[in-house]
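Contents: one structure, followed by commentary.
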Amino acid sequence: MIKKMDHIGIAVTSIEDSLPFYTETIQLKLEGIEVVESEQVKVAFLKIGDSKIELLEPLTSESPIAKFIEKRGEGIHHIALAVDSIEERIDEIKKKGIQMLQENPKIGAGGAKIAFMHPRSTGKVLFEFCEKDSKEDTK
């Protein structure tokens, strides 16, 4: 079962240049910045109600985010859905004919288990399943 929308990922060329809009103009609280080496990306999380905005800055030209920006420009990259058991959700969604980008979850920002559905199977929207430990999920 989907618990909530965890976050919306937004691709940016520079977190440093983008942050003033989010923190000063629309006054969201910056919760933290971290590097996710496995995705070659730096992320910044901003709190917005029960959800977050995740700014994604590529660290290399080979990063999936760099390729996204090159092809489409900055903007909304994905919608992350919080789940309890990511492995069960992956199995369930595959049985319904949805193609996954990863067959098995990997570790993403904040130590969450993540897996993406292929946009070809979801009306051209990149959805991410996101499973966090119970402490993190209540933040």
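Results, tabulated for the structure shown:
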| quantity | calculated |
| --- | --- |
| Low-density loop positions, GluC sites (Glu not before Pro), region 57-139 - DSSP coil, at most 12 other Cβ in 10 Å | Glu62, Glu103 |
| Residue pairs, from the table Lys71/Lys96; Lys29/Lys96; Lys47/Lys94; Lys47/Lys106, whose Cα atoms sit over 28 Å apart | Lys71/Lys96; Lys29/Lys96; Lys47/Lys94 |
| Per residue, the convex hull volume that the Cα atoms of region 18-60 enclose (Å³) | 59 |
| Built amide H within the under 5 Å cut-off of Leu126, gap 5+ | Ile79 |
| Residue-averaged [θ]222 nm for the chain, counting only DSSP H segments that reach four residues, each worth -39500 (n - 2.57) | -5500 deg cm²/dmol |
| Relative contact order (percent, whole number), the chain, Cα cutoff 8 Å, 6+ residue spacing | 24 |
| Rule-of-thumb Rg ratio for region 2-137 [Cα; 2.2 N^0.38 Å; N residues] | 1.02 |
| Sparsely packed trypsin sites (Lys or Arg not before Pro) within region 1-106, loop by DSSP, other Cβ within 10 Å at most 13 | Lys96 |
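A short reminder: the numbers here are calculations on the coordinates, not readings from a lab. Since we're looking at a predicted model, the values are computed, not measured. Positions of Cβ are generated from backbone atoms using ideal geometry, with glycine treated the same way; all protein chains shown enter the neighbour counts.
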